[in-house]
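Inspection log for the structure reproduced underneath, given as structure tokens.
Every number in this text was worked out from the coordinates using simple rules, so none of it is lab data. All values derive from a computational prediction rather than experimental measurement. Counting neighbours? That spans all protein chains shown, and the Cβs are built from the backbone with ideal geometry, glycine included.
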Amino acid sequence: IKIINLAANTKNYGLKKNGTYTASCKNTTCGDRVKIQIYSKNGMVKDLRYETESCIFCQASASILSNVIKSIHEKDLKKEIEIVYKSFNNGKIKLPKKYYLFKPLINKKYKNRTNCILLPFNAILKALRIWKKYY
């Protein structure tokens, strides 16, 4: 139920006309798709909008991200995303406090959904042109 509630927060769902950065990613394993728009000013992320055609895990991840990455410098965002990837890969939850909502998703029983959960992160890195596929 917690994951459903996270995915149901669609406050930032829906793209607008112009974003500073835009990218789409597809999970080749299951077919999930996510498109994101980042609105940035002077290197600071001001807003993130998204659309998905995906499972509940990817939807929840995109929803959480759209709320937690505001007011962060683009360079710091890359560092934070690397910390999140490491938490998923080694199973030890050592996330920055603002990423705490990801805790229900970082669970051994959802290990096979890691690609779904990390897809919005990959879209952000791709949009910022610091693309490095981590999973």
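Tabulated results
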{"quantity": "Reference-scaled alpha-carbon Rg (2.2 N^0.38 Å with N residues) for the range 1-66", "calculated": "1.13"}
{"quantity": "Under-5 Å amide H pairs with I72, H placed in peptide plane, nonlocal only", "calculated": "V45"}
{"quantity": "Between 0 and 90°, nearest 10: helix 56-68 axis offset from the chain longest Cα axis", "calculated": "50"}
{"quantity": "Cut-off under 5 Å, modelled amide H: who pairs with N107 long-range", "calculated": "none"}
{"quantity": "Cut-off 20 Å, label 7 Å out along Cα→Cβ of T20, residues of the range 38-52 by amide N", "calculated": "38-51"}
{"quantity": "Rounded tilt (10° steps) of 74-90 against the dominant C-alpha axis of the chain", "calculated": "10"}
{"quantity": "222 nm mean residue ellipticity, helices alone, for the chain (DSSP H n ≥ 4; -39,500 (n - 2.57); rounded to 500)", "calculated": "-12000 deg cm²/dmol"}
{"quantity": "Between 0 and 90°, nearest 10: helix 114-127 axis offset from the chain longest Cα axis", "calculated": "20"}
